[in-house]
Each structure stands twice: as C-alpha cells, then as structure tokens.
Amino acid sequence: MRIKNRMSGNEALGQAIRQINPDVMPAFPITPSTEIPQFVSNMIANGEVTTHFIPVESEHSAMSAALGSEAAGCRTMTATSSCGLALMWEELYVAASSRLPIAMCVVNRGLTGPLNINAEHSDSMGARDSGWIQIYAENNQEVYDNMLQAHRICEHESVRLPIMICQDGFITSHAVQNIVLEDDADVKAFVGEYKPEHYLLKANETMALGPYANSPYCMEAKRAQAEGMIQAKKVILDVAKDFEKMTGRKYGFFEEYKLADADYAVVAIGSAAGTMKDAIDKLREKGVKAGLLKVRVFRPFPGEEMAKALENCKAVAVMDRCESYSTQGGPLGAELMSAMYRNKNKAEAINIVYGLSGRDVTVSDVEGVFERLADIAKNGVKDKQYTYLGLRG
C-alpha cells in the first residue's frame, strides 16, 4: 500500500535503499550526504535490510570497495558529496570503463574553495565526462523516484554503466517535503533481482577485471563504453514508462513547464526549478509567455531533444549552478547552446551562472531574467552572453 509521508531527501533515499535492499554498501561520511549511510547502518542494526555495510577510511576506499563488490556480482550502492566525490576521481573512471553498474547517491555541494558546504553542481559536473549516467532531482519525491529507477537503468544488459542519483545539498537533502512511498512489494518487483552475466565469483568462468590495454585494443573498449551511454537513452525512457504504470508519475529526459507556447524560456537543473515555476506562474498572469525546461538527465545528454523542445522560443537563458572557468559559462550552457546550433535552433541564447555555494535565487531574480530575455528577443544580445545572477557588487 502506498504511504503518504513527510521526509527529507536523504530520508527518502534511505527508504528507497531499504526497499531495494542492495547487497553491499561501502561509504564514508561527508556533509551533506552523511545521513544516507547512517540511515542504512541503522536499518542493518534493526534487521530491516540484509545489506552488508563496509565502513572505510576514505571516499577513495569507498569506491574501491564498491568496485570489488560489484565486480564480484553484488548489487552495490554508495553515497558522497563534493570533496568526497573528488577523492574518488580515479575510481570513477575505473567503474565506468569496467562497466560496473554501481549506483551512487550524490548530494550536490560546492567544491573547495573557498570552503563551503552548500549546494552547487561543481562536484557532479566536474565528473560529467567520467562515463557515469547522471540524473538530477528538483524535489524529494523525484529523489525517491529516481533512486527506484536507477538500478533498472544502469544494470540493463545494453547499458552496464554506473549511475549518479543527484540532489541539491540541504535544499532537498535536509528539507522536509510531502512524499508518496510505494509499496515495498511493488518496489521489489519493479527493481527486480540483480543477475549479472559475468562476475569474478561466477563458478567455472575465468575472467579479469581492469586489465592493461595497449593501443591496438583500448580505443575499441572506449567506443564500446560510449555505446552503453548511447543505449542508456532508450533504456531511461523505457524504465520511466514502466515506472509510470506503477505510480502514475511520469518522467523523461526533462520536464517542460508551460513551454509549448513559450516565447521565452529558462533551462535549469535541480531545486531552483521550483522557484522558476513560481516566477513563470506570476508572469503568465501578466500575459508573458514564459516557460521552463527542467533537465533531469544530463548524461546521456539529450541535446537534440532539448533543442527541439525549445525550437519555438524567441530567447532562452541556460542556467548553470556551476562555473566551468572556461570564460564561456557553465557546462549546461556550453552543451545545450552547442546542441541548439547543431540542430539549427534560431532562438537567441545566453548562459547565466547562479546559486553558487548555496546563494539564494528568488522569484524576482527569475523575473529579471525573463525581462532580459524579452529585450533580447526584440533587440538581440547587446551585452555579454555569459553573466552571473544575483552577484553582489
């Protein structure tokens, strides 16, 4: 039976993990993801799950242990944030290139420096080219729902890649919201049992993991890995359809909010989308055709699909909660504006960096962005295409 409850994003992940009951979870605490392994440890102590928890001395060790357990044939999960993800860097690439479908809860927090523990996307965005699937959430319900879908996606025989389930630190990880939990039996049936085809402890099968590959062979392995990411696009949509049948909640690569007839649109990832929706509602009451494209899936990047969704807009602001230090803006801006160009989307486009280190984004801030877009649609881009939002003078 479905249960209505109120809980934080981290608690929602804890409930999803309880229902999935992974075989192994190695983890090391770091704010703001510390609660996730804490919840799992308590569940193990209370006999609610049979997961084997591995306490380790660092995040590098956590991912190393995850590599070993997943390679041995165990469904494996971990959690981290910020500098913890950075300490895993070497192992992120090993996991992806070894085609190990590890699921990792990433609670997004800015990377140092200056030292800050609040929300931005520099941690996961820094790992965007490591070969991991990346799915983001606006609210606690989406955090829970994304976790339930994660294993079905990453363990699929045509994918077999690790996956990050991302949420904004404190804004969703610690804030309490209404949420609907699915029935335990329904979740168990939906997620299914993990049945890897090849693994180190499989009887009568000799195999190596992570062997040295020299020039005549390595490039083919990387191309095969890239094919897994390409195939992930179809799998993500197929899993979402099955999830909708179970829950009635619909998911895709992104959400279109009042976008169908929009003249002006913002594109964003994560919790700030809620504020943007409020601003759009106010502007619609004034007759302004404003809309939002909220990105859920960043890897694989659905560039063609997003460019098509924005094709009728006159002006678009791509919002990045991350700075690439490329002098061109953030990663979402760079990739989406490139996709818009390739797909001959004629909308004027700008890139705005916002909300770094947890900086608040208000409805009036977003209304100001739409005012700028209206001017750009009329007069073209007269100033910089790459700017900051809410920057103190």
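Quick note: the coordinates plus some simple rules give every number you see, no bench work behind them. Keep in mind it's a predicted model, so treat the numbers as computed, not measured. A quick note on method: Cβ atoms are made from the backbone with ideal geometry, for glycine too, and the neighbour counts reach across all protein chains shown.
Order by neighbour count: W89, W132, fewest other Cβ atoms within 10 Å first, most last.
Working: W89 14, W132 22.
The fewest-first ordering by Cβ neighbours comes to W89, W132.
Quick one: the Cα spread of the stretch 339-393 along its three principal axes, in angstroms, biggest first?
35, 23, 20
By count of other Cβ within 10 Å, fewest leading, how are V297, V381, V235, V363 ordered?
Numbers: V297 25, V381 13, V235 21, V363 16.
Ordered from fewest to most neighbouring Cβ atoms within 10 Å, V297, V381, V235, V363 come out as V381, V363, V235, V297.
Taking Cα pairs under 8 Å and at least six residues apart, what relative contact order does the chain come out at, in percent? Could you put the intermediate results ahead of the total?
Details: 822 pairs, mean separation 60.6, N = 393.
Value for the chain: 15 percent.
Run the paramagnetic zone check for A221: 7 angstrom along Cα to Cβ, then residues of the stretch 83-104 with backbone nitrogen under 19 Å.
Answer for the stretch 83-104: 89-102.
Mind giving me the FRET efficiency for V363 and R249? R0 is 25 Å, r the Cβ-Cβ distance, nearest 0.05 is fine. All intermediate terms of the calculation are to be shown ahead of the outcome.
Numbers: r = 26 Å, r/R0 = 1.03.
E between V363 and R249, to the nearest 0.05, is 0.45.
Can you give me the Rg/Rh ratio for the stretch 254-388, using Cα atoms for both radii and the Kirkwood formula for Rh?
When Rh is taken as the Kirkwood radius, the ratio is 0.92.
I want the antiparallel fraction of DSSP beta bridges within the stretch 254-388, as a percent rounded to 5. Could you put the intermediate results ahead of the total?
Numbers: 4 of 23 bridges.
Looking only at bridges with both residues in the stretch 254-388, the antiparallel portion is about 15 percent.
In whole Hz, what ³J(HN,Hα) sequence does the stretch 272-282 give by Karplus (6.51, -1.76, 1.60; θ = phi - 60°), x for Gly and Pro?
4, 4, x, 5, 5, 5, 4, 5, 5, 4, 5
Peptides 196-206, 263-273: what's the order by average Cβ count within 10 Å, highest mean first? Can you show the working numbers first?
On the way: 196-206: 10.5, 263-273: 25.8.
Result, highest mean Cβ count within 10 Å first: 263-273, 196-206.
Out of the DSSP beta bridges found with both residues in the chain, what percent are antiparallel (nearest 5)?
Details: 12 of 50 bridges.
Close to 25 percent.
Compute, for the stretch 254-388, the length of the dipole vector about the Cα centre, with Cβ point charges of +1 (Lys, Arg) and -1 (Asp, Glu) only. Units Debye, rounded to 20. Before the final figure, lay out the partial values.
Details: 20 positive and 20 negative charges, 45 e Å.
My answer is approximately 220 debye.
Stretch A185-N379 to full length: gain in nm at 0.36 nm per residue minus the Cα-Cα span?
Details: separation 194, 0.36 × 194 = 69.84 nm, distance 5.72 nm.
So the extension gain works out to 64.1 nm.
Take the Cα radius of gyration of the chain and divide it by 2.2 N^0.38 Å, with N its residue count; two decimals is plenty.
Working: Rg = 20.9 Å, N = 393, 2.2 N^0.38 = 21.3 Å.
The reported ratio for this selection is 0.98.
Calculate, in nm to one decimal, what T112 and A208 gain on full extension: separation in residues at 0.36 nm each, minus their alpha carbon distance. Mind dumping the intermediate values first?
Values: separation 96, 0.36 × 96 = 34.56 nm, distance 3.71 nm.
Length difference between fully extended and current span is 30.9 nm.
To make sure I understand, if each residue's beta carbon is the centre and we count other beta carbons within 10 Å, what order do M207, M25, M7, M77 fall in, fewest to most? Could you put the intermediate results ahead of the total?
On the way: M207 10, M25 27, M7 19, M77 30.
With the sparsest Cβ surroundings first, the list reads M207, M7, M25, M77.
Would you be so kind as to identify which of M219, A16, A208 lies farthest towards the positive end of the dipole of the chain, taking Lys and Arg as +1 and Asp and Glu as -1 on Cβ and the Cα centre as origin?
Checking the options against the dipole of the chain, the answer is M219.
Do any of K245/K277; K277/K382; K308/K384; K245/K282; K282/K346; K202/K241 go past 29 Å between their Cα atoms, and which? Don't skip to the answer; put the middle values down first.
Details: K245/K277 26 Å; K277/K382 27 Å; K308/K384 25 Å; K245/K282 33 Å; K282/K346 27 Å; K202/K241 33 Å.
In this structure, K245/K282; K202/K241 exceed 29 Å between Cα atoms.
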